[in-house]
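Trainee: Pasting a structure here, questions to come.
The values are calculated or read from the model by the stated rules, or taken from the named source; none is laboratory data. Keep in mind the model is a prediction, meaning the values are calculated, not measured. Please note: Cβ atoms are built from the backbone with ideal geometry, for glycine as well, and neighbour counts cover all protein chains shown.
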Amino acid sequence: PVRFLPRARNRRTWRYPLRAWRPNSIASPLPPLTPPRGLRATGMSQLASCSLRQLSLFFEDAYPVVLARGGFARSYLLMAAQHPAAIHIKNRLTNDMSFATRLADIPLDRINTTRGDIRQIAAQDIAGLYGFALSLPEDVKTIVNGRLQDHKYIFPVDPVTNRLKTELPFQHESIVSVLRKAVFTGQFKTKNLHRFSSTNDKHPDRLEVPDAMICLAATAVYAGLTAYRATGKHQKIPFTASAYEDVYRNHMRTLSDTRAHSRKPLHLVLHGLYNLVTETTTATPNAAGSSALLINLVDIPDSD
């Protein structure tokens, strides 16, 4: 015969707060298939975006070299995982390289998105700032291709003589506009003032725009101009992760080479750019005698 045991009357049960529960003891040894969900739950995605935008793209390198996905993701995401809510992700990033490899798409996507956004901002004012908004397509082609040749688009133009101001590289209104709208918005300058510096030891107060920031803006302007190069009308050009990287590297190399031969004049130019972008009223010393500062730009094939 089957006997049924009486049900316990005073069974003790334990209820744990959901927020306090951490299933570390039963965690799967493999990374989750959809890690972005967990990141959104902890706000990690927003933290990674902020950190990358401020620390990496604008101040260090807008096209970072990715030799290993795991190592790349871990170094960047650990910077963003300092928030207390992300402590468990931080611990796993530190101890599990396979987890970091799975998350590599997050910083890479953030980088691509930021570069794409800056390119769109540059495209908004291209036609007006380069004077072909009301021109016929054939005239637009002539103007655009003339400015793209030898990267002349980085120089402002004298409104009276129509001469390129080759002594003021990277100070064209389009580059200044991109930096203002895409970077120096809100409290960016105030919060990141300590990240700006001067290459002149005698004048540490003469702050400069970082090379990576300048070259990213100039590359975005280049991309905006190339949209008109073929037909004189705006053409939608596909944007990929590596698009225009050669142009960006060219600008970085140009600044590096120029600094090696004309350190003081370039310092004055980049300090002047900082004043223009931040709308600082402090007078910038004249860089007289440096009219040939960047007249010999590195010649590279155009990139689409």
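Trainee: Going through the range 179-196 one residue at a time, which ones are at pLDDT 90 or above and either part of a loop (DSSP other than H, G, I, E, B) or touching a Lys or Arg at 6+ places or on another chain (Cβ under 9 Å) (or both)?
Mentor: Selection gives Phe196 alone.
Yes/no matrix, rows are residues, columns are (1) surrounded by fewer than 20 Cβ atoms within 10 Å (Cβ to Cβ); (2) under 24 Å from Val65 (Cα atoms); (3) assigned by TED's automatic domain parsing to the domain that holds Tyr63:
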{"site": "Asn91", "(1), (2), (3)": "yes, no, yes"}
{"site": "Asp109", "(1), (2), (3)": "yes, yes, no"}
{"site": "Asp125", "(1), (2), (3)": "yes, no, no"}
{"site": "Tyr130", "(1), (2), (3)": "no, no, no"}
{"site": "Val140", "(1), (2), (3)": "no, no, no"}
{"site": "Gly146", "(1), (2), (3)": "yes, no, no"}
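Trainee: Do we have any residue at all in the range 154-173 that's closer than 19 Å to Pro210 by Cα, in a helix (DSSP H, G or I), in the same structural domain as Tyr248 (by TED's automatic domain parsing) and free of Cβ contacts under 8 Å to residues at least 60 places away in the same chain? Walk me through it before giving the result.
Mentor: Going residue by residue through the range 154-173, those that are closer than 19 Å to Pro210 by Cα are 154-155, 167-173.
Okay, now just the ones that are also in a helix (DSSP H, G or I), so 154, 173.
Narrowing further to those that are in the same structural domain as Tyr248 (by TED's automatic domain parsing): 154, 173.
Subset that is free of Cβ contacts under 8 Å to residues at least 60 places away in the same chain: 173.
Looking for residues that are closer than 19 Å to Pro210 by Cα, in a helix (DSSP H, G or I), in the same structural domain as Tyr248 (by TED's automatic domain parsing) and free of Cβ contacts under 8 Å to residues at least 60 places away in the same chain, one finds at least one in the range 154-173, hence yes.
Trainee: What number of residues in the range 213-241 are touching a residue at least 24 places away in the same chain (Cβ under 8 Å) and within 16 Å of Asp117 (Cα to Cα)?
Mentor: Here the count works out to 17.
Trainee: Any idea which of (1) surrounded by fewer than 20 Cβ atoms within 10 Å (Cβ to Cβ); (2) at pLDDT 95 or above is the one Asp150 doesn't satisfy?
Mentor: So Asp150 meets the others, but not (2).
Trainee: Quick check on Tyr248: is it assigned to a helix (DSSP H, G or I), assigned by TED's automatic domain parsing to the domain that holds Thr199 and either among the basic types (Lys, Arg) or within 21 Å of Asp117 (Cβ to Cβ) (or both)?
Mentor: Spelling it out, Tyr248 is indeed assigned to a helix (DSSP H, G or I), assigned by TED's automatic domain parsing to the domain that holds Thr199 and either among the basic types (Lys, Arg) or within 21 Å of Asp117 (Cβ to Cβ) (or both).
Trainee: Another question, then. Condition first: surrounded by fewer than 20 Cβ atoms within 10 Å (Cβ to Cβ) and over 14 Å from Leu273 (Cα atoms). Now tell me which residues in the range 171-188 satisfy that.
Mentor: Lys181, Thr185, Gly186, Gln187, Phe188
Conditions tested, residue by residue: (1) modelled with pLDDT of 90 or more; (2) among the aliphatic types (A, V, I, L, M).
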| residue | (1), (2) |
| --- | --- |
| Arg69 | no, no |
| Gln82 | no, no |
| Ala100 | no, yes |
| Leu108 | no, yes |
| Ile111 | no, yes |
| Tyr130 | yes, no |
| Asp139 | yes, no |
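Trainee: Can you find, within the range 198-227, the residue that is surrounded by the fewest Cβ atoms within 10 Å (Cβ to Cβ) among those that are under 18 Å from the mean Cα position of the chain (by Cα) and part of a loop (DSSP other than H, G, I, E, B)?
Mentor: The initial filter retains those residues of the range 198-227 that are under 18 Å from the mean Cα position of the chain (by Cα), namely 208-224.
From what's left, part of a loop (DSSP other than H, G, I, E, B): 208-210.
On the way: Glu208: 21, Val209: 26, Pro210: 18.
If we take residues in the range 198-227 being under 18 Å from the mean Cα position of the chain (by Cα) and part of a loop (DSSP other than H, G, I, E, B), then Pro210 is surrounded by the fewest Cβ atoms within 10 Å (Cβ to Cβ).
Trainee: Identify all residues within the range 119-153 that are touching a Gly at 6+ places or on another chain (Cβ under 9 Å), charged (D, E, K, R) and in contact (Cβ under 8 Å) with a residue 60 or more places away in the chain; write none if there are none.
Mentor: Once the filter is applied, which keeps residues that are touching a Gly at 6+ places or on another chain (Cβ under 9 Å), charged (D, E, K, R) and in contact (Cβ under 8 Å) with a residue 60 or more places away in the chain, the range 119-153 yields Arg119, Glu138, Asp139, Lys141.
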